[in-house]
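**Q** I have a structure here, written as structure tokens, and I will follow up with some questions on it.
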Amino acid sequence: MFVQQIIKVAKSLRAAEALIITGFVFIGGAYSFLHATTFQWQQIVLLFVVSYTLMLSVFTSNALFGNKHDKINPRLKPLGSYSGNYYLILTVLLYAISVCLCIIFFPKVIILHVVTFILCFLYSVPGFGKHLPIVGTVIHFFVEVLLFNFAYMFFNPISANSIAISVYFAMMAAAGHLHHEVIDYEVDLKNNIKTSAVTWGYKSIEIVSFSLFAVAHLYLGAVLLYGIGLPRVFIIFIIGFLVHSFIFFYYYRQIENGIKSRMKYRSAYRAIYFVCGLIFLYVLWKTFSV
């Protein structure tokens, strides 16, 4: 019974998804290792705690504003079991923990921390952000740029190098957001939420989403050729995209099968890039330890 309650609460927090986004953030810190003279394990733990509580507060604020719509969304139905006050309290508590730790231990990243939360908060506000075509995707892009460089700053000052690499991950986040709009197409249409998928059709936006994944990796290749970043560290993501491409062309023939098919596709490409991320971190660690 207790375990079931814990699982229910974790689902209400979207704890697993927050962990995935935290992984994106953590890559920014890991990449910064390459240019760091020294670092301490306490900084890594601090980065994780600050980032994870920040992401949890973002998801709870999203649930706060979307509480009514989440109850009829198969993907987010567990969130509808709790009241708006529940999510309001959690948002304040989680963000307070994150921002206080940031102020106390690493005040120089506080501006990026605050701006990130404000953008995410605006994304959730009814009538703005995710309720408008393109706007929600643009917010995701800039939030990822901020998060990558936020993590990078734990070990080094922001540089042209870190900004250039962060654009790749930002395009990946934006592409993933577009696919989320495709997943929620029927529910958003019913709730009159004018996402890009509702405005221009889910088939068109799915193609745009995959095209943005492709552009992201073409961009990464160009950046590596220009001499920014280490090819042996980042090449795994390009290999991962090739695998992703085969899966996409198989999935697209089944796009009309509904939310289950779309979520399977999401799980597949997430698994690919998760493995790529682990390999990336391993190669990065071996490079750093030489």
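The values are calculated or read from the model by the stated rules, or taken from the named source; none is laboratory data. Since the structure is predicted, the reported quantities are computational estimates derived from the model, not experimental observations. All Cβ positions, even for glycine, are placed from backbone atoms using ideal geometry, and neighbour counts span all protein chains on display.
**Q** Can you pull out every residue in the stretch 227-242 that is touching a helix residue (DSSP H, G or I) at 6+ places or on another chain (Cβ under 7 Å) and either among the acidic types (Asp, Glu) or under 17 Å from residue 212 (Cβ atoms) (or both)?
**A** Listed by number, the residues that qualify are 237, 238, 240, 241.
**Q** Among the numbered criteria (1) part of a helix (DSSP H, G or I); (2) at pLDDT below 95, which one does residue 154 miss?
**A** (1) is the only condition that residue 154 fails.
Yes/no per residue for (1) within 28 Å of residue 73 (Cβ to Cβ); (2) of a type in the set (D, E, K, R); (3) loosely packed, with under 14 Cβ neighbours inside 10 Å:
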| position | (1), (2), (3) |
| --- | --- |
| 179 | yes, no, no |
| 198 | yes, no, no |
| 201 | yes, no, yes |
| 204 | yes, no, yes |
| 211 | yes, no, yes |
| 217 | no, no, no |
| 228 | no, no, no |
| 244 | yes, no, no |
| 258 | yes, no, yes |
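**Q** Right, something else. If only one of 146, 94 is surrounded by 17 or more Cβ atoms within 10 Å (Cβ to Cβ), over 15 Å from the mean Cα position of the chain (by Cα) and hydrophobic (A, V, I, L, M, F, W, C), which one is it?
**A** It is 94.
**Q** Looking only at residues that are without any contact (Cβ under 8 Å) to a residue 24 or more places away in the chain and surrounded by fewer than 14 Cβ atoms within 10 Å (Cβ to Cβ) in the stretch 118-127, which one is nearest to residue 187 (Cα to Cα)?
**A** Top of the filtered list is 127.
**Q** Does the stretch 153-161 contain at least one residue that is more than 26 Å from residue 45 (Cβ to Cβ), surrounded by 22 or more Cβ atoms within 10 Å (Cβ to Cβ), touching a Phe, Trp or Tyr at 6+ places or on another chain (Cβ under 9 Å) and not small (Gly, Ala, Ser)?
**A** Within the stretch 153-161 (the criterion being more than 26 Å from residue 45 (Cβ to Cβ), surrounded by 22 or more Cβ atoms within 10 Å (Cβ to Cβ), touching a Phe, Trp or Tyr at 6+ places or on another chain (Cβ under 9 Å) and not small (Gly, Ala, Ser)), the answer is no, since none of the residues qualifies.
**Q** Oh, and also: Quick one: which residue in 194, 190, 130 is touching a Pro at 6+ places or on another chain (Cβ under 7 Å), of a type in the set (Lys, Arg) and more than 25 Å from residue 106 (Cα to Cα)?
**A** Of the residues listed, the single one that is touching a Pro at 6+ places or on another chain (Cβ under 7 Å), of a type in the set (Lys, Arg) and more than 25 Å from residue 106 (Cα to Cα) is 194.
**Q** Ok, one more. Looking at the structure I just gave you, is residue 284 in a helix (DSSP H, G or I) and modelled with pLDDT under 90?
**A** yes
**Q** Write out, first by first residue and then by second, each pair whose Cβ atoms fall under 9 Å of each other, whose residues are 6+ apart or on separate chains, and whose first residue, in the stretch 214-236, is touching a residue at least 24 places away in the same chain (Cβ under 8 Å) and more than 20 Å from residue 174 (Cα to Cα) while the second is hydroxyl-bearing (Ser, Thr, Tyr) and surrounded by 12 or more Cβ atoms within 10 Å (Cβ to Cβ).
**A** 229/31; 229/168; 230/287; 232/287; 233/31; 233/287
**Q** Right, next: Criterion first (touching a residue at least 60 places away in the same chain (Cβ under 8 Å), in a helix (DSSP H, G or I) and crowded, with 17+ Cβ neighbours inside 10 Å) does residue 251 satisfy it?
**A** Taking the combined requirement at face value, the residue does not satisfy it.
**Q** Check 138, 109, 115 and return the single one that is closer than 19 Å to residue 176 by Cβ and either in contact (Cβ under 8 Å) with a residue 12 or more places away in the chain or not in a loop (DSSP other than H, G, I, E, B) (or both).
**A** 138 is the lone residue from the list that is closer than 19 Å to residue 176 by Cβ and either in contact (Cβ under 8 Å) with a residue 12 or more places away in the chain or not in a loop (DSSP other than H, G, I, E, B) (or both).
**Q** What number goes with the only condition from (1) among the aliphatic types (A, V, I, L, M); (2) surrounded by 15 or more Cβ atoms within 10 Å (Cβ to Cβ); (3) over 30 Å from residue 206 (Cβ atoms); (4) over 18 Å from the mean Cα position of the chain (by Cα) that residue 132 does not pass?
**A** With (1) among the aliphatic types (A, V, I, L, M); (2) surrounded by 15 or more Cβ atoms within 10 Å (Cβ to Cβ); (3) over 30 Å from residue 206 (Cβ atoms); (4) over 18 Å from the mean Cα position of the chain (by Cα) applied to residue 132, the lone miss is (3).
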